[in-house]
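What follows is a single structure, written as structure tokens, with notes after it.
The values are calculated or read from the model by the stated rules, or taken from the named source; none is laboratory data. Bear in mind the structure is a predicted one, so any value in this text is a computation, not a measurement. Virtual Cβ from ideal backbone geometry, glycine too; neighbours counted across all protein chains shown. Only protein heavy atoms, including side chains, enter the accessible area calculation; ligands, DNA and RNA are left aside. Shrake-Rupley method; radii C 1.70, N 1.55, O 1.52, S 1.80 Å.
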Amino acid sequence: MRGDPAHPANRGKLCVKGSALGETASLDGRLLHPRVHGVQATWDDAIGTVAREFRRIMQAHGPESVAFYVSGQLLTEDYYVANKLMKGYIGAANIDTNSRLCMASAVAGHKRAFGEDVVPVSYEDLDHADLVVLVGSNTAWCHPILLQRLTAAREQRGLRLVAIDPRRTATTQLADLHLPLAPGTDVNLFNGLLVWLAEHGQLDRAFVEAHTSGGLEALVAARAGGDSLADTARACGLGVPLLQQFYELFAATPAVITAFSQGVNQSSAGTDKCNAIINCHLATGRIGKPGAGPFSVTGQPNAMGGREVGGFANTLAAHIDIEDVAGRGAVQRFWNSPTIAVRQGPKAVEMFERIHDGRIKAVWIMATNPVVSLPDADRVKDALQRCELVVVSDVVGNTDTAALAHVLLPALAWGEKDGMVTNSDRTISRQRAFLPIPGEARADWRIVSDVARAMGFSGFDFISPHEIFREHARLTAHANEGRRALDLGAWADITAAEYRNWQPAAWPMAHTRDSARGPMFADGKFMHADGRARFIATAPRGPVHAASEDFPLVLNTGRVRDHWHTMTRTAKSAKLSAHVAEPFIEVNPADGLRYAVRAGELARVRTAWGAMVVRVRIDCDVPAGRLFAPIHWSGPYASDARVGALVNPALDPVSGQPELKHTPAAIEPFAADWYGVILSRATPPTPDTAWWTRVQGEDFTRFEIVGRSHPDWTREARRLLQVPDGAEADWIEYRDPARLLFRGAWFVGEKLQAVICVDGRPTLPDRAWLAKLFAGGKLNAAMRASLLAGRALEGADPGALVCSCFGVGTNAIAACARELGARATAAEIGKRLKCGTNCGSCIPEIQGIIGAGAPRARVVPG
């Protein structure tokens with residue numbers, strides 16, 4: 001896998017997930033044929049079933065009894081056809097997308113401030129910024145190529161980085177200044193900045209008077225949070241000198257980009273947080289200029305493409321709102337459709353509530369896994385179990401959601417499908433197929449078109465994604481006349497050859513095909529009818545659910561470095577699974593003592609909505625009173641680790657985005673009699689133990705297991721590993737019943753076939769060393785003895801994986817650091833071992849190995 005050096009987004013760089021995509025393209029686990037009620041069916045039968053059942057339910061209960069739940073994993077053409085069918089032919093707005101979970105607050109903030117969902121900053125602006133403020137984003141892990149660009153700019157021309165995050169993360173370790181603000185206080189922070197800027201004469205009054213409205217109201221609301229710097233510092237849990245340092249740095253730097261992500265958006269006050277940030281940029285004229293502006297960093301590959309074509313329940317298509325009567329009429333005339341949605345549909349969480357209470361009786365879920373990813377996920381599961389018809393289009397058939405489907409439809413995966421995606425800065429790129437179509441899989445746009453035609457609708461005779469994109473381009477220009485920035489009018493007659501040869505380009509492209517990358521709103525004209533931007537008054541308010549006596553801690557959720565969403569793709573990669581192999585909960589040391597949970601053992605985490613069992617990590621980077629858990633693990637990969645089941649369903653009242661970062665929780669030890677690990681070349685059946693998690697290795701499948709009974713391990717180990725009966729099997733074992741210690745290994749042709757290690761404590765052999773034994777050839781007598789002893793021979797243990805890109809472990813890095821002595825830096829170690837030289841996301845860990853810990857964030861002298 002190689003990056004495209006000519007692409008403006010990454011300039012040839014790939015993060016570790018991109019580098020490992022080739023490992024995820026295998027067909028094992030792929031859904032290759034349609035299935036109806038668990039039985040393989042023909043496409044005609046499957047399409048006929050979906051169309052017939054949708055028609056039946058609509059005739060009995062009306063168009064709002066059916067719904068689509070779609071995904072940022074779809075291409076723009078897929079999204080367009082699904083939206084057209086639901087809103088223009090079925091006649092309801094019952095379509096929403098999993099982008100509701102990541103970008104909805106930013107969208108709502110853009111629309112309130114600018115009049116349209118327009119991101120005013122481009123990646124090129126990063127090359128002109130002198131200060132970048134990262135808010136609620138662990139950019140080093142979630143957008144590592146972007147952070148590489150920023151750290152390179154710091155080295156080359158002194159750009160400064162500020163990270164605002166309650167946790168200490170890989171990003172905050174690389175920042176020049178870290179503000180560990182109290183969770184949920186972003187509005188206080190940026191309202192305080194607005195007040196401070198006004199008091200210190202730092203507003204651009206000429207810009208405000210010429211190009212904005214509502215500034216006085218916003219400033220009055222900002223003052224309601226407290227007039228003084230000390231008031232803001234107290235509310236945010238920050239020291240006054242640290243806060244003043246940030247405010248002075250912002251004021252002294254004209255070229256400022258504030259890049260914000262899920263820590264801002266995933267909140268019941270997410271839209272206000274976005275607007276509080278935007279207010280500061282409008283007040284100082286730091287927008288519409290190179291290197292300045294608020295920058296919403298998108299969470300999925302085509303979240304913005306879905307927004308462009310109407311993937312949200314509250315927009316129609318081409319950035320036209322459903323409440324826009326003239327716009328509705330224009331879209332219906334353009335589509336020549338029999339009807340048009342006239343009111344907003346239910347947003348994601350509400351959609352599944354309507355499924356639960358029976359108002360929605362049929363749902364089609366495309367390219368997403370809501371039984372894992374939505375908040376209050378057990379209720380989502382119950383809703384689908386109650387639903388008359390559940391249709392799922394996906395690339396794999398073993399997801400938690402697919403298990404509840406009446407109809408499963410095999411879709412094309414990355415590398416097999418053809419179409420457009422739009423990234424965070426409005427740049428549209430072509431995704432070209434380069435793999436053959438497996439089995440009977442089909443493009444999502446074709447599946448939806450087939451169902452539409454089977455339902456008796458015209459307007460879906462598409463034979464290629466080119467035709468769909470051309471229709472989308474024409475619709476963006478239809479009845480536009482400068483009202484909307486989203487305008488692809490210059491491509492309204494794009495030919496098949498032009499589509500095939502498309503080069504990355506950013507909208508708007510109303511009259512010219514030249515890319516519009518660079519700052520939007522350079523002319524000071526915004527998309528409200530009067531051409532002015534709006535200040536939005538934002539009053540600080542806390543999360544909906546506060547910690548309590550029963551749930552005294554607060555659970556935060558997020559991503560790990562090498563996994564993606566619910567792991568349907570990344571879990572297939574040994575490289576991506578090695579860095580963080582199992583679900584965990586990060587606990588502050590003080591809370592670990594208070595609640596008697598220990599590092600390496602298991603804990604049950606409970607909320608009012610659900611519970612899970614995960615491995616404990618004691619970590620000072622998590623503030624006291626807080627917990628952190630990753631979002632990725634699902635039913636196929638862990639017995640009890642769906643974090644969505646714990647998350648509260650509180651919503652932002654404007655955007656409908658869930659509060660995924662703040663759920664009151666409790667934690668307690670999960671009693672276990674023994675801990676174990678299995679590695680086997682042949683995938684064993686899922687163990688019937690009290691807890692397990694599954695990990696893909698390079699030459700093996702690994703299970704971490706925990707139990708509460710005392711089996712006869714000589715017999716049970718051979719059963720779990722599927723060792724043949726009889727003395728002829730090359731089997732060795734070691735037992736110490738007093739310690740509940742057991743180790744057994746099976747060899748075939750003198751190569752290790754499977755191994756199991758059990759201990760009454762979580763002190764099992766190093767997994768990286770065990771994995772290395774599978775990668776080698778024959779094991780000699782000394783290596784067999786070391787296996788039974790549970791200790792690697794000297795120099796044989798690589799240590800825990802740090803650099804996934806080049807497979808470098810802790811022990812190799814530590815040895816190199818010792819050899820370099822005082823000259824040891826991440827850059828010097830990278831020259832020798834290559835670690836940290838690709839995506840750079842492991843650099844903070846390398847720094848931590850070099851010294852007692854990574855260097856604390858610092859301020860670069862101005």
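What to note about this one:
- Interatomic Cα distance distribution for the range 729-862, bins of 10 angstrom, percent: 11, 32, 26, 20, 8, 2, 0, 0
- Heavy-atom accessible surface of the range 746-812: percent carbon and sulfur, 1.4 Å: 56 percent
- Residue-averaged [θ]222 nm for the chain, counting only DSSP H segments that reach four residues, each worth -39500 (n - 2.57): -9000 deg cm²/dmol
- Listed residues 545, 264, 364: farthest to the positive end of the dipole of the chain (Cβ charges): 264
- Pairwise label distance in nanometres, residue 11 with residue 496, each label 7 Å out on the Cα-Cβ vector: 3.8 nm
- Fraction in percent of alpha-carbon pairs per bin - 10 Å, the chain: 2, 12, 22, 25, 21, 12, 5, 1, 0
- Environment charge at residue 574 (Cβ cut-off 14 Å; Lys +1, Arg +1, Asp -1, Glu -1): +4
- Positive-end residue of 142, 613, 632, charge dipole of the chain with Cβ unit charges: 142
- Each Cα pair under 8 Å and six or more residues apart adds its separation to the average, and for the range 691-753 the resulting relative contact order is 19 percent.
- Measuring max minus min along each principal axis, the C-alpha atoms of the range 147-291 give extents of 38, 32, 29 Å (largest first).
- Rounded to the nearest 20, the size of the Cβ-charge dipole of the chain about its Cα centre is 780 debye, with Lys and Arg at +1 and Asp and Glu at -1.
- Residue-span extension gain [residue 608 to residue 479] - 0.36 nm each, minus C-alpha spacing: 41.5 nm
- Positive end of the dipole of the range 432-584 (Cβ unit charges, origin at the Cα centre): among 477, 535, 519, the Cα lying farthest that way belongs to 519.
- The label point for residue 56 and the one for residue 599, both projected 7 Å from the Cα toward the Cβ, are 5.9 nm apart.
- If you take all other residues with their beta carbon under 15 Å from the beta carbon of residue 367, and give Lys and Arg +1 and Asp and Glu -1, the sum is -1.
- If the chain linking residue 342 and residue 43 were pulled fully straight, counting 0.36 nm for each residue of separation and taking away their Cα-Cα distance, it would gain 104.3 nm.
- Think of a 1.4 Å ball rolled over the protein heavy atoms: the range 348-501 then has 33 Å² of accessible area per residue.
- The range 56-85 and the range 162-214: distance between their alpha carbon centers, rounded to Å: 40 Å
- Probe 1.4 Å, accessible area per residue of the range 68-152, Å²: 13 Å²
- Heavy-atom accessible surface of the range 191-259, averaged per residue, reaches 43 Å², computed with a 1.4 Å probe.
- Under-5 Å amide H pairs with residue 181, H placed in peptide plane, nonlocal only: 165
- More than 23 Å apart - percent of Cα-Cα pairs taken over the range 83-239: 55 percent
- Potential lengthening of the chain between residue 789 and residue 21 amounts to 272.8 nm, from the contour at 0.36 nm per residue minus the alpha-carbon distance.
- Share of carbon and sulfur in the accessible area of the range 260-335 stands at 54%, probe radius 1.4 Å.
- Cα centre as origin, Lys/Arg/Asp/Glu Cβ charges: the range 697-794 dipole, Debye: 220 debye
- Enclosing the Cα atoms of the range 636-760 in their convex hull gives a volume equal to 127 cubic angstrom per residue.
- Cα-based radius of gyration for the range 340-441, normalised by 2.2 N^0.38 Å, reads 1.25.
- Net +/- balance of residues flanking residue 273 in space, Cβ distance below 10 Å, scoring K and R +1, D and E -1: -3
- Heavy-atom accessible surface of the range 502-559: percent carbon and sulfur, 1.4 Å: 50 percent
- Simple Cβ-charge dipole of the range 221-356, Lys/Arg +1 and Asp/Glu -1, about Cα centre, in debye nearest 20: 200 debye
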